[in-house]
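Every read-out reported here was derived from the displayed coordinates using simple, explicitly stated rules and does not represent laboratory data. Quantities reported herein were computed from a predicted structural model and do not represent experimental measurements. Heads up, the Cβs are rebuilt from the backbone with ideal geometry, glycines too, and the neighbour counts pull from every protein chain shown.
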Amino acid sequence: MIEAAGRVALVAERELEALVGVSSPSGDVQGAEECVALCAAFLPPEARVERVECSSPGHAPDLIGSLAGGGTRRVVLLGHLDTVISHGAHRPLEREGDRFVGSGAVDMKGGVALALGVTRELAARPELYSEAAVLLVTDEEWRTAQFVHAPRFAGFDACLCFEAGERTADGHDAVVVRRKAAGTLRVDAHGRSAHSGSAPERGRSALLALADAAQRVAACSDPGGPDRLTAVPTILRSGDAFNVVPAGGELLCDLRADRSDAFEPVVAAVPAEHDGVRLESGLMRVWPGMDAREATGPLLVEASRLLGRPIAAAERGGASDASHMAAGGIELTIDGLGPRGGAAHNPDEWVSAESLLSRAEVALAMIAALLGR
C-alpha cells in the first residue's frame, strides 16, 4: 500500500489547490457547501455519501463518506473544512519554492486532501476492512457546542486525524498521540456607567474589574506543575466611549491542561464581585485531552518497520477533534497525519510540497500496519 504514496501526493496537490481556492471561514454556509461539494466529488465512486447534522447550529451539514469491505476492522479518517481566515483576507493557493501558500493550506485542507487520497486507495482494497469512513466537519475552528459524532464511531477500531504533521528535532516523521484538554473561560462584568470627567466616583468600572480577573486567571498558570496548566487571558472588551466609566464588558481566557478538571480552580479564582462590579464566570467551551501513547505504541513500531524509517510519537497543546474521538471510545486515535507546514491561522499559511509525499507515506504505513497489509 505504501507504494501508492506518489499517486496520493500528486493528486493531493491538485485537490489542495481546489480546496484552498474556496474561502470557508467557520460558520459560512456557502463556503462550507462549496468545499463539501468538492470533497464529495473527490471521494471514490464506491463511497456512500452522507450529509449529517453539524455539531454547531447554523453551520452547513458535515460530510461522511463510507466504504463497505469484507474485512473485520473499522477505521475513520477525520478532518475539517473550516478556516479562521475571513473572506477579505483569503488567499488562493500559490507555489513559492517548496511551499504551497494559501489560506487554510495547513489547517487543514492539506490534511483533507491526503485523507481523501487515502480513502481512494482503501476503496481499491475492500478486503482489508469492514468499514472505512472519512468524516469532514465544517465547524472545528470555533465550535463551543458538544461534538455530536463520537457516538457514531465509538465502536471503530481506530481514528486517524489529518491535522498538520511534524518532525522531531532529529528529523524523523512524527504523529500526535497526546493532546492537552482545552477550555475557554468567559467572564462577564456588570458595573455602572458614569461620566469619567465630572463624576467618575459614581461609576463602577467593568474594565478594572475584568483587569483584576485577568490577573487572577494568569496567576493560576502552572505549566511546570502536575497538570501542566496554562491559563492565558486573550481578549478583553469593555467600554464604548473614551469619557464614560464602562459599565459592562467581557474577558476571554484560553486554558490548557492534561486534565479538564484542572480548569475548575481557575474558574473559582474569579470572584463574584469586585469593587461593586458583579462578575459572572464560566467555561463556554471544554475539549477533552487525549493520551493514546500506550494504545498506539505497537502500531507505531509496525508502521515504522513497514515504512523503513522511524515514525515518532509526539504531543501538542493545541486542540483537535481527535480528542473527542478518543474520549468517545476509540483508544487507538492518532493525529497529525497531515502534511507539514506553518503560519496556521494566517492568510499566508503554507504546506511543504515535499511533505505531501513523505506524509502520504506515513499515513499509508499507518493504514497498512492497522489493517494488516
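With a Förster radius of 41 Å applied to the beta-carbon distance between VAL232 and ARG167, the computed FRET efficiency rounds to 0.95.
The amide H of CYS220, built 1.01 Å from its N in the peptide plane, has no neighbour under 5 Å, considering only residues 5 or more places off or on other chains. Relative contact order for the chain: 24 percent, from Cα pairs under 8 Å spaced at least 6 residues apart, divided by residue count. Note on region 85-125: dipole from Cβ charges, positive end direction compared against ILE85, LEU116, GLY102; the farthest Cα belongs to LEU116. For LEU63, neighbours were defined as the other residues whose beta-carbon sits under 9 Å from its Cβ, and their charges (Lys and Arg +1, Asp and Glu -1) total -1. Once each of the chymotrypsin sites (Phe, Trp or Tyr not before Pro) sitting in a DSSP loop with at most 16 other beta-carbon atoms within 10 Å is removed, the chain keeps 1-141 as its longest stretch. Of the trypsin sites (Lys or Arg not before Pro) in region 230-311, not one is in a loop by DSSP (not H, G, I, E or B) with at most 10 other beta carbons within 10 Å.
Under the simplified labelling scheme, the ASN346-ARG7 pair shows an inter-label distance of 3.7 nm, with each label point 7 Å from Cα along Cα→Cβ. From the alpha carbon centroid of region 178-200 to that of region 258-281 is 11 Å.
Is region 182-286 best put as rounded, prolate or oblate by its Cα gyration tensor, with a ≥ b ≥ c the root eigenvalues, rounded for a/c under 1.5, and otherwise prolate when a/b is larger than b/c, oblate when not? Prolate, because a/c is 1.5 or more and a/b exceeds b/c. Here the Gaussian network model covers the chain, with springs between Cα atoms less than 10 Å apart; of ALA313, ALA292, ALA218, ALA218 fluctuates the most.
Give me the percent of DSSP beta bridges within the chain that run antiparallel, rounded to the nearest 5.
Among the beta bridges of the chain, antiparallel pairing accounts for roughly 75 percent.
What FRET efficiency would be calculated for the residue pair ALA219, VAL148, taking the C-beta separation as r and a Förster radius of 30 Å, to the nearest 0.05?
Computed FRET efficiency for ALA219 and VAL148 comes out at 0.25.
Here the dipole of the chain is about 240 debye; that uses its Cα centre as origin and unit charges on the Cβ of Lys and Arg (positive) and Asp and Glu (negative). Using a/c under 1.5 as the rounded threshold, could you call region 78-142 rounded, prolate or oblate? The axes a ≥ b ≥ c are square roots of the C-alpha gyration tensor eigenvalues, and prolate needs a/b larger than b/c, oblate otherwise. Taking the square roots of the gyration eigenvalues as a ≥ b ≥ c, region 78-142 is oblate.
When the chain is treated as a Gaussian network with alpha carbon springs shorter than 10 Å, the biggest mean-square fluctuation among SER196, SER55, SER26 belongs to SER196. In the Gaussian network model of the chain, springs joining C-alpha atoms below 10 Å, which of ALA164, ALA219, ALA344 carries the largest mean-square fluctuation? Top of the fluctuation ranking is ALA219. In this calculation the C-beta distance from GLU201 to GLN30 is compared with R0 = 30 Å, giving a FRET efficiency of 0.05.
Going by the alpha-carbon gyration tensor, a ≥ b ≥ c the square roots of its eigenvalues, is region 1-101 rounded (a/c under 1.5) or, if a/c is not under 1.5, prolate (a/b greater than b/c) versus oblate?
oblate
Loop sites here are GluC sites (Glu not before Pro) outside DSSP states H, G, I, E and B with no more than 14 other Cβ atoms within 10 Å. The longest part of the chain free of them is 54-330. Placing unit charges on each Cβ (+1 for Lys and Arg, -1 for Asp and Glu) gives region 1-79 a dipole about its Cα centre, and among GLN30, PRO44, ALA68 the Cα reaching farthest toward its positive end belongs to ALA68. Along the axis of the charge dipole computed for region 182-286 (Cβ charges of +1 for Lys and Arg, -1 for Asp and Glu, origin at the Cα centre), the listed residues LEU236, SER281, HIS195 are led at the positive end by HIS195. Spin-label pair ALA37-HIS87: with each label point 7 Å from Cα along the Cα-Cβ axis, the two points sit 1.5 nm from one another. Taken one residue at a time, the phi angles of region 96-101 give Karplus couplings (6.51, -1.76, 1.60, θ = phi - 60°) of 10, x, 7, 9, 9, 9 Hz. Gly and Pro are set to x. Residue-wise HN-Hα couplings along region 293-299, as the Karplus relation 6.51 cos²θ - 1.76 cosθ + 1.60 with θ = phi - 60° gives them from phi, are 4, 5, 5, 9, x, x, 5 Hz; Gly and Pro carry x.
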